[in-house]
Amino acid sequence: MQEKMYANMPTLFTIFGLRFYFYSDEHLPIHVHIENSDGKAKINVEPDIEIVSNNGIKPKDLKKALTIIEIYRDDIIQEWKEYHGD
């Protein structure tokens, strides 16, 4: 996975204009934040993949994000644990 550092927001990857990231001081459950030019959303990765909040991301882009998270779920969990600890 490509990792870029923004101020307190490690970016996991950017795909189809969607940036997937988490904050440096996150809390459980494991989740990611996504953003694009339309807005932001928060999606839980564990125990199940589910939308926690959405502020402006269009349904088609949210669907893409959920598919991407499903594909890269294990990588996201590994990155979270490496960054935040088990």
Could you work out the percent of alpha carbon pairs in segment 42-85 separated by over 13 Å, rounded to a whole number? 56
Can you give me the solvent accessible area of residue 27 with a 1.4 Å probe, rounded to the nearest 10 Å²? 100
Expected output is a single nm value to one decimal: the length gained when fully extending between residue 24 and residue 63, i.e. 0.36 nm times separation in residues minus the C-alpha distance. What is it? 11.5 nm
In square nanometres, what is one fourth of the surface area of the convex hull spanned by the alpha carbons of the chain? 5.1
Net charge near residue 48 (other residues with Cβ under 12 Å of its Cβ; Lys, Arg +1; Asp, Glu -1) is -2
Dipole magnitude (debye, nearest 20) for the chain, charges at Cβ of Lys, Arg, Asp, Glu: 480
In deg cm²/dmol, rounded to the nearest 500, the helical mean residue ellipticity at 222 nm of the chain, built from -39500 (n - 2.57) for every DSSP H run of length 4 or more, is -9000 deg cm²/dmol
Residue-ordered couplings for segment 69-77, obtained by feeding phi - 60° into the Karplus form 6.51 cos²θ - 1.76 cosθ + 1.60 and rounding to whole Hz (Gly and Pro as x), are 4, 4, 5, 9, 3, 4, 5, 4, 4
Charges on Cβ only, +1 for Lys and Arg, -1 for Asp and Glu, centred on the Cα centroid of the chain; of 24, 55, 9, which one is farthest towards the dipole's positive end? 55
Subtract the Cα-Cα distance of residue 50 and residue 71 from 0.36 nm times their separation in residues, and report this length gain in nm to one decimal. 6.1 nm
Which FRET efficiency value, to the nearest 0.05, is calculated for residue 86 and residue 40 with the Förster distance at 30 angstrom and r the Cβ-Cβ distance? 0.65
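The values are calculated or read from the model by the stated rules, or taken from the named source; none is laboratory data. None of the values given here were measured: they were computed from a predicted structure. Heads up, the Cβs are rebuilt from the backbone with ideal geometry, glycines too, and the neighbour counts pull from every protein chain shown. Calculation scope for accessible area: heavy atoms of the full protein, side chains included, ligands and nucleic acids excluded. Shrake-Rupley method; radii C 1.70, N 1.55, O 1.52, S 1.80 Å.
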